[in-house]
Amino acid sequence: LRGECLPEVLLQVIPVLDPHAEAHQPVVDAAGPQLLDGHPRIGATPSSMSAQSFQEQGYDRDPGSFQLQGRLDRLNDEYENRFGFRFVIFVAGRRRSEIADVMESRLQAAREEELARGLSNVFAIARDRLTRLQPVSQEAR
C-alpha cells in the first residue's frame, strides 16, 4: 500500500474516534495496519520518502551513521514481524537515535495498544502537516 490507496484507507479510519471501541474494531483491524504501512519506515532511504518525511525524520539536519542505520533496520524488521505493520511516530524534531530508543521500548507492548498508538500518531502527523499548510491569517500578517 502506498499513496494511491491511502485516501480510501483514511476515509475508513477517520470516523473511528476511539480505536478501542468494540463496534469499530473490525475497521481498525482491517484498515489501521494499511494506513500505518502507508508511512515510510523510520530511517528509510531518503530517496524513498516525501520531502516532508525527509525533513520530519531529520535527514536535512543529521544524516546519521551506519551504526544507527543498522539499528533502525533491525528494529523496523523486529517491529514489523511482531506486530504486522510499520512503526509510526510523530517525530516532532526528535533525533532518529531517540526514536530508535522509543521503538525498542515498544517491542514489548500489546498489538492492540501499538495499533492504537500508531494511528494516534498518524493523526498527529496529519494535524501538524495541515497546520503548516494553512495560509497565514490576515491578523497574523
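The values are calculated or read from the model by the stated rules, or taken from the named source; none is laboratory data. Since we're looking at a predicted model, the values are computed, not measured. Counting neighbours? That spans all protein chains shown, and the Cβs are built from the backbone with ideal geometry, glycine included. Keep in mind that these areas ignore ligands, DNA and RNA; they rest on the heavy atoms of the full protein, side chains included. Shrake-Rupley method; radii C 1.70, N 1.55, O 1.52, S 1.80 Å.
The table for this structure:
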item: In the range 88-112, residue modelled with the lowest pLDDT [restricted to those that are open to solvent by less than 60 Å² (accessible area, probe 1.4 Å) and within 20 Å of ARG129 (Cβ to Cβ)]; result: GLY93
item: Test: residue in the range 68-87 that is surrounded by 14 or more Cβ atoms within 10 Å (Cβ to Cβ) and within 23 Å of THR131 (Cβ to Cβ); result: no
item: Long-range neighbours under 7 Å by Cβ, at least six apart or interchain, first residue under 20 Å from LEU35 (Cα atoms) and hydrophobic (A, V, I, L, M, F, W, C) within the range 98-124, second open to solvent by 50 Å² or more (accessible area, probe 1.4 Å) and assigned to a helix (DSSP H, G or I); result: LEU107/GLU78; LEU107/ARG82
item: Subset of the range 47-67 that is exposed (fewer than 13 other Cβ atoms within 10 Å of the Cβ) and among the acidic types (Asp, Glu) - its residue that is modelled with the highest pLDDT; result: ASP62
item: Count of the range 28-46 residues which are open to solvent by 50 Å² or more (accessible area, probe 1.4 Å) and either modelled with pLDDT of 75 or more or touching a strand residue (DSSP E or B) at 6+ places or on another chain (Cβ under 6 Å) (or both); result: 2
